[in-house]
Amino acid sequence: MRLLSLLALLAAPAFAQDTDLELVLLADASGSITQGELMFQRDAYAAAMTDPTVIAAIRNTAYGSIAVTYVEWATNQGVVVPWMRVDGPESAAAFAAALDGPPRGATGRNAIGSALLVARDLIETNRIDGWRRVIDFSGDTTGNTFGPPIEQARDEVLATGITINALAIVSERRWDSDTLAQQYADRIIGGMGAFVVEAAEDEAFAEAVKRKLILEISGAPTPRIVASLP
């Protein structure tokens, strides 16, 4: 009987992974984000994705590649760059180029819960089999004026085994910026190794984005809240 069981296991098909990481970059495009700030965010992600240290982190993963999509969120959500496999400088440059040109993907007020569920669906319905699955949420608020509550949506996402990380964009314009990272830690992130990175709206933003991508791609142990760069 044990021999038959062993033979059955050996005959069973192996579920090979297509890539190391499925990553949804979920960027804030709500009413608090001007068109200039929107493009500033896209430029930061383009620069980070093509940075040699990020490419080295991708190549150092178990499968040497990641799958990534860039989505903007507000009352609705819009895919700016559909799923792309990034495995080196050429594909990273193609992803960066795809960020430059498409119109604003989303408009209106904040719908964080809805955005998290749309990001989950993008992972669940693609044809990619990733070893790890991550939603990378960025924003400057925890306002949620439309759609399901944040915590409810977060719990639904986590139930599928997807991790949620966050980029807290701190701004002098908002009274609660000094507590935003903690709010994100308490209400939005979750899953294995989940973390929040703080990022200021200045020249250090792109560096914070790069640091966050390296942490996500490498899967290195990370503090729950990573302070913003000085």
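Return one whole number: the accessible area per residue of the chain in Å², for a 1.4 Å probe. Spelled out: the 1.4 Å probe surface of the chain, per residue, equals 46 Å². From most to least packed by mean Cβ count within 10 Å, the peptides 156-163, 117-124 give 117-124, 156-163. Calculated [222 nm] ellipticity per residue, helices only, for the chain: -12000 deg cm²/dmol; basis is -39500 (n - 2.57) per DSSP H run with n ≥ 4, divided by all residues, nearest 500. State whether segment 40-163 is rounded, prolate or oblate according to the following rule on the C-alpha gyration tensor (a ≥ b ≥ c being the square roots of its eigenvalues): a/c under 1.5 gives rounded; otherwise a/b larger than b/c gives prolate, and the remaining case gives oblate. Note, shape of segment 40-163 comes out oblate. Listed options for Rg and Dmax of the Cα atoms in Å are [x] 17.6, 57; [y] 16.7, 52; [z] 18.1, 70. The value calculated from this structure is the one marked [z]. Packing around the peptides 52-59, 95-102, taken as the average count of other Cβ atoms within 10 Å per residue, puts them in this order, highest first: 52-59, 95-102.
For the pair segment 113-131 / segment 180-230, the C-alpha centres are spaced 20 Å from each other.
Just the number, please: carbon plus sulfur as a percent of the accessible area of the chain, 1.4 Å probe, no ligands or DNA/RNA counted. Answer for the chain: carbon and sulfur cover 59 percent of the accessible area.
The values are calculated or read from the model by the stated rules, or taken from the named source; none is laboratory data. Note that this is a predicted model, so its numbers are computed, not measured. Virtual Cβ from ideal backbone geometry, glycine too; neighbours counted across all protein chains shown. Protein only, heavy atoms only, side chains kept; ligands, DNA and RNA dropped before computing areas. Shrake-Rupley method; radii C 1.70, N 1.55, O 1.52, S 1.80 Å.
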